[in-house]
1. If you work out semi-axes √(5λ) of the Cα gyration tensor in Å from the coordinates, which of [x] 23, 21, 16; [y] 34, 18, 15; [z] 32, 23, 15 do you get?
2. Given the options 121, 27, 103, state which has the largest fluctuation in a GNM of the chain using a 10 Å cut-off (strictly under) for Cα springs.
3. Given labels modelled 7 Å from the Cα in the Cβ direction, how far is it in nm from residue 121 to residue 170?
4. Considering only 196, 40, 170, give the residue with the highest GNM mean-square fluctuation for the chain, with springs between Cα atoms whenever their separation is below 10 Å.
5. Dipole of the range 6-216, Cα-centred, from +1 at each Lys and Arg C-beta and -1 at each Asp and Glu C-beta, to the nearest 20 debye?
6. Please compute the modelled spin-label separation between residue 2 and residue 102, points set 7 Å along Cα→Cβ, answer in nm with one decimal.
7. Over the range 6-216, what relative contact order in percent results from Cα pairs under 8 Å that are six or more residues apart?
8. Check the chain and count each lysine pair with an alpha-carbon distance under 14 angstrom, considering only pairs eight or more places apart or from different chains.
Amino acid sequence: MKVRGGLYLITDQKLIPRERFAETVEAAVRGGASILQLREKDTPHDEVIGLGKKLLGITRRYGIPLIINDSPELAAEIGADGVHLGEEDNGISHARSILGGDAIIGVSCYGKMERGLAALAGGADYVAFGTPYNTPTKPGRTLTPFKVLREAAARIKGIPVFAIGGITAENADDVLDTGVSGIAVITSVFGDADPEKAARELCLIAEKYTKASDSDR
């Protein structure tokens, strides 16, 4: 399954009620997401597997990839489409050895251009840079200047470049105007009382830039 730019949704265990987890995520996906990541920190193994299998059913119905945060082992057990790797995780080659050549592997680059270029050279399927704005999900994180997003969009070719961190419907245009392929969000969708509406609004904003980019090729 190929990664497209647009709206990248990331789950949050604090924002999404466990008793309505699947239905809340499905509502957000219905709003137009192009990719979904299950992000669970310090959650028991069996619980993550259960959540992942529920979400896999949703993503299959909507035809988008399911990515698991940090762990290729969990991704393999769930049957997900890929994994997202941070700075403290094992690298791309390790993930490939577990998930195979067709798996989607994404890499967090923070504000580090050299990390993005290394991920591209190492065979990553997409990269994420951030944060451009303060975010409650990553408090205290050093902000990534827009010039870094522009440079990433210009230099990292052939795979999507996502921006992540504090992105809302109010500032998404500014972020996408840097030339990135899409926006990754947590709070602006799952912190909203109507996640489907919030996702749809962001998706519509992202689509303007995706179509403009396609017409330039």
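1. [x]
2. 121
3. 4.1
4. 170
5. On the way: 23 positive and 30 negative charges, 49 e Å.
So the magnitude is around 240 debye.
6. 1.6
7. Relative contact order, the range 6-216: 22 percent.
8. Details: 14/41; 14/138; 41/138; 112/147.
Number of lysine pairs found: 4.
Coordinate-derived values only; no laboratory data. As the structure is a prediction and not an experimental result, all values here were calculated from the model. So basically every Cβ, Gly included, is an ideal-geometry build from the backbone, and we count neighbours across all protein chains shown.
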